[in-house]
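The structure under discussion appears below in the form of structure tokens.
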Amino acid sequence: MSESKPPSDVVVVGAGIAGLAAAVELISRGMSVVVVESRDRVGGRLLSANSGEASLDLGATWFWPGEDRVARLVARLGVNVHGQYLDGDALFHTPAGAQRIDGNPLDGPSFRFSDGADSLTTGLAALMPAGTLHLNTQVDAVAVGVTIGGSVGVEVQAGELRFEAQHVVLALPPALAVHSIHFEPSLPDRLAGLARVTPVWMGGTTKVVARFQHPFWREEGLSGSAMSHVGPMRELHDMCGPDGSHAAIFGFVPASGGGPTITEAEVCQQLRELFGPQCEPIDVIICDWRTESATSPPGAENLTAYQTYGHELFQTPALDGRVHWASTETSQENPGHIEGALAAAERAVDAIASSVATASPVVPPHAPLAESPTEREPS
């Protein structure tokens, strides 16, 4: 038997950066909010693993100059950041071996989160009232048009739990939303088809982080960056903490037709080919985002229509204006970045706030009639 939770103004599906940012802002505007998250943690694709004293980012890593929403959030939460290491030469990896390139054409000025990117999401979660966040809660269905307390609203079913609200924010990739959630009524065909083919940012990618005793590559005048036509990692970058602390290099492995996840042995072999036999990591962490069912639907690596990012259909709330898109894929600004996720959250919040401001108040069933025509509610 389902357990019905007290009604709220908004249910946010997903406790990644977009969902949490939307929730915190909605709460600041005086609305009651529930956040439901299928994982046992907040953060979504902001995932930082602890290795020794280091927090190593397995998802989002950078933000760039001009991404003002991230900068403001960093300042608000007091999150420590440092610049991406740019000095030294890069490497170019071909079947013939590794070649050194003068300078570093692979990296540009950017910022990293000194204590891990998920310091943003843990900071946001700490701002929410107790009882707002429901972890280990998988949303199965969203029904629009149900009667809630005398008005029409949304019912969100999550296992044995039932949440009622006026609006729902989908802060998860569109392809995952249409794969895992049953909508009643159905989403419009064109919108559902768009969501189904929209790529999941990182969804077809494996990220690898190798940690070392010290940043030996810097001592050799290398930046830690490399581009490889051999693989399995195609792109590598320095991931040290401030001033070279917590020495690490990370790399991206693109999906290869549903092949198996890269092994630690393959990682170490490529690192030796690039940096020499002295390159022996003390720890290797591998995160294949294809296997993260709370991020990627089956076959996510086959979704390649990146031109769908920020599509106009994602800019307008669906199903009577009550279902709002708020993942980085739906943003018209910096899609795929943390900045894009924050922009999408901002759009959803503004749409909800506008809807609440213009909505006609509901007359209780036994309310007295208005005394004059000028006082009556609009029909």
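Please work out if residue 226 is in a strand (DSSP E or B), crowded, with 16+ Cβ neighbours inside 10 Å and small (Gly, Ala, Ser).
Values: in a strand (DSSP E or B): yes; crowded, with 16+ Cβ neighbours inside 10 Å: yes; small (Gly, Ala, Ser): yes.
So residue 226 fits the description; yes.
State all residues of the range 327-379 that are basic (Lys, Arg) and modelled with pLDDT under 50; if no residue qualifies, say none.
Taking the range 327-379 as the starting set, the residues that turn out to be basic (Lys, Arg) are 347, 376.
Residue satisfying the conditions is 376 alone.
Among the residues of the range 243-259, count how many are touching a strand residue (DSSP E or B) at 6+ places or on another chain (Cβ under 9 Å) and surrounded by fewer than 13 Cβ atoms within 10 Å (Cβ to Cβ).
The number of residues fulfilling the criteria is 1.
Checking residue 209 against (1) assigned to a strand (DSSP E or B); (2) touching a helix residue (DSSP H, G or I) at 6+ places or on another chain (Cβ under 8 Å), only one condition comes out false. Which one?
All conditions are met except number (2).
Restricting to the range 96-132, name every residue that is of a type in the set (Asp, Glu) and surrounded by fewer than 13 Cβ atoms within 10 Å (Cβ to Cβ). Please lay out each step first, then the result.
The first filter runs over the range 96-132 and keeps only residues of a type in the set (Asp, Glu), leaving 102, 107, 115, 118.
Correct list: 102 only.
Hey, can you tell me all the residues within the range 213-244 that are under 16 Å from residue 87 (Cβ atoms) and among the polar types (S, T, N, Q)?
If the condition is that a residue be under 16 Å from residue 87 (Cβ atoms) and among the polar types (S, T, N, Q), then 223, 225 are the ones that fit.
Quickly run through the range 167-201 and pick out the residues that are assigned to a loop (DSSP other than H, G, I, E, B), over 17 Å from residue 38 (Cβ atoms) and in contact (Cβ under 8 Å) with a residue 12 or more places away in the chain.
So the first thing to find is which residues in the range 167-201 are assigned to a loop (DSSP other than H, G, I, E, B), and the list is 171-173, 181, 185-188, 198-201.
Still in the list and also over 17 Å from residue 38 (Cβ atoms): 185-188, 198-199, 201.
Residues satisfying the conditions are 185, 187, 188, 198, 199, 201.
Any residue that is assigned by TED's automatic domain parsing to the domain that holds residue 99 and under 23 Å from the mean Cα position of the chain (by Cα) - is there at least one of those in the range 216-229? Break it down into steps so the answer makes sense when it comes.
Initial filter on the range 216-229 (assigned by TED's automatic domain parsing to the domain that holds residue 99): 216-229.
In the following step, the residues that additionally are under 23 Å from the mean Cα position of the chain (by Cα) were identified as none.
No, the range 216-229 contains no residue that is assigned by TED's automatic domain parsing to the domain that holds residue 99 and under 23 Å from the mean Cα position of the chain (by Cα).
Among the residues of the range 99-133, what is the count of those that are assigned by TED's automatic domain parsing to the domain that holds residue 276 and among the β-branched types (Val, Ile, Thr)?
Summing the residues that are assigned by TED's automatic domain parsing to the domain that holds residue 276 and among the β-branched types (Val, Ile, Thr) in the range 99-133 gives 1.
The values are calculated or read from the model by the stated rules, or taken from the named source; none is laboratory data. Note that the structure is a prediction, hence the values are computed from the model and not measured. Every residue, glycine as well, gets a Cβ built from its backbone with ideal geometry; the counts of neighbours run over all protein chains shown.
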